[in-house]
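Each remark here refers to the structure printed beneath this line.
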Amino acid sequence: MKTAESELSVYESMAARFDVAVRKLNLDEGLAKYLRTTEREIIVHIPVQMDSGELDVFDGYRVQHSTGRGPCKGGVRYSPTVTLDEIRGLAAEMTWKCAVVNIPFGGAMGGVVCDPSKLSTGELERITRRYTAEILDYIGPDRDVPEADVNTNEQTMAWIMDTYSMHVRHTVTASVTGKPLELGGSRGHREATGRGCMLVADQALKRFGRKREDTRVIIQGFGNVGSNAARLMHEAGYKIVGVADSRGGVINPRGLNVSQLLDYAREASTIKGFTGGESIGSQEILEQDCEILLPAAIENVLTRGNADRIRARVLVEGADSPTTPGADEILADRGVFVIPDILANAGGVTVSYFEWVQDRQGYFWPEGMVHDRLKHIMESAFHEVVEYGQKYKVNNRIAAYMLAIDRVAFSIKLRGIYA
Ligand code: NAD
């Protein structure tokens, strides 16, 4: 039995699922040991001249989990609660995510312990540039390609790309993804994760013979993933009945007016206070009636403590690690169809891959081509995971892990272990 604390460790959660998948796959013990650990963990201490004139020092991490199938790929997050454990777990999950959608990357993740809401733009820029300079030898288009994550954005990516380019003395747009369009970003990238969530939700509906119009959706988180999922799903005909952000939520069983909600959130920087429905707590919203629940905020929101009160039929994990292994068991008993994070939110890294390809070719695709190729990849991955689950009689999450681990292990066996 796990302690409450270890239930909430992102790395332990990843490792728990990994161990189950590896046993089912009958994977060689040594290879399992190799894949359970990260390849490299970099800790940097970033000195930054603050606007006040004082010098401050921030801790930063970059963890590279696997280069077995190609360069590493993974986000950079800024938050006061970032820990090495979290970054390590997310780096490993990125390896599995890239393998589930079958794109030629391994996983990495990075973060800086800081509170962006208390920092000026200049301070954020200096943190970003020095962080980039400290990890410079380990990143780049053929080594490790950072992308935006929680509290980082297109501007952060532009600073990383510029810092990298200044050091190598030429512009390397393929050094990061999630850049502004004007600097080599890809059309369709901004909404890619939300779109990917909708694409897998569509496949789940097909499976259950349901129509979008009769499907009520609740979304926790109204940032990049949540707001784009809400907009696209609303436009496609789904009934968005509840949304929440960190400050609170709003619920309306008849369906929210999503375009008004988006306008309100743009003005108020929150959805709290929106009058098109009843107000509700950010956590409480998860337990309301709906067919699809889409957590798109933070990790560990579905635990042993609340999983038995989830009423959704389908769980689409827009966020990374929203569900603990303890909650997995309860959700399985309740017959919830889980589309796990490493599949559901892989739309973002898939279009990041498209961005990297376009940058390297210097040839940019029309938006429709990005959407079509994303659709093809997400649908194929969905069916591969579900079929794998049926074949091995495991749930979708373990199936996704098995499919991914099998692919990574196969590549490593082909390459052999360098000695
Ligand atoms: P974001 O910073 O743009 O938005 C996060 C949202 O979650 C905000 O609306 C915030 O208010 C809300 N939130 C924070 N704490 C909350 C709480 N306790 N309860 C309810 N809401 C809360 O972040 P994002 O880019 O949308 O990412 C969200 C999640 O999706 C993260 O787990 C991230 O790792 C994952 N993810 C993002 C992408 C991407 O392309 N952005 C790709 C894959 C996975």
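The values are calculated or read from the model by the stated rules, or taken from the named source; none is laboratory data. All values reported here derive from a predicted model rather than from experimental measurement. Because the Cβ atoms are built from the backbone with ideal geometry, glycine has one as well, and the counts that use them run over all protein chains shown. Only protein heavy atoms, including side chains, enter the accessible area calculation; ligands, DNA and RNA are left aside. Shrake-Rupley method; radii C 1.70, N 1.55, O 1.52, S 1.80 Å.
Among the DSSP helices (H) of the chain, those spanning at least 27 angstrom by Cα along their long axis with an average Kyte-Doolittle hydropathy of 0.0 or more are 396-415; this is a geometric and hydropathy rule only. For the chain, the solvent-accessible area works out to 43 Å² per residue, with a probe of 1.4 Å and every protein chain left in place.
Which whole-number percent gives the relative contact order of the chain, counting Cα pairs below 8 Å spaced six or more residues apart? Across the chain, relative contact order equals 17 percent. Checked against a 26 Å cut-off, the cross-linked pairs 97/391; 73/211; 73/375; 206/375; 97/206; 206/239 give Cα-Cα distances beyond that limit for 73/211. Taking each residue as 0.36 nm, the span from residue 19 to residue 181 lengthens on full extension beyond its C-alpha to C-alpha distance by 54.3 nm. Residues whose amide H falls under 5 Å from that of residue 72, counting only those 5 or more places apart or on a different chain, are 106, 144, 145, with hydrogens built in the peptide plane. Rounded to the nearest 500, the 222 nm mean residue ellipticity of the chain from helices alone is -14500 deg cm²/dmol, with -39,500 (n - 2.57) taken per DSSP H run of at least 4 residues.
Within the assembled protein chains, the solvent-accessible surface assigned to residue 19 is about 50 Å², based on a 1.4 Å probe. Straight Cα distances below 18 angstrom link residue 393 to the aspartates and glutamates 19, 328, 329, 333, 384, 406, with same-chain residues fewer than 8 positions distant left out.
When the residues 195, 212, 143 are ordered by accessible surface, computed with a 1.4 Å probe over the protein chains alone, the sequence from largest down reads 143, 212, 195. In the stretch 81-160, what percent of the accessible surface is made up of carbon and sulfur (1.4 Å probe, ligands and nucleic acids excluded)? Taking all protein chains in place, the stretch 81-160 shows 45 percent carbon and sulfur surface. Summarising the strand pairing of the stretch 138-252, around 45 percent of its internal DSSP beta bridges are antiparallel.
The distance separating the Cα centre of the stretch 265-314 from that of the stretch 352-394 comes to 28 Å. In loop segments of the stretch 373-419 as defined by DSSP, the chymotrypsin sites (Phe, Trp or Tyr not before Pro) with at most 13 further C-beta atoms inside 10 Å of their C-beta are 418. For the chain, the share of DSSP beta bridges that are antiparallel, to the nearest 5, is 45%.
Beta bridges assigned by DSSP with both partners in the stretch 207-257 are antiparallel in approximately 45 percent of cases. Size of the chain from its Cα atoms: along the principal axes, largest to smallest, the extents are 56, 53, 47 Å. When all protein chains stay in place and ligands, DNA and RNA are ignored, the 1.4 Å accessible-area order of 118, 413, 73, 375, largest first, is 118, 413, 375, 73.
Residues with beta-carbon under 11 Å from that of residue 398, excluding residue 398: net charge, scoring Lys, Arg +1 and Asp, Glu -1? Every neighbour counted, the sum reads +3.
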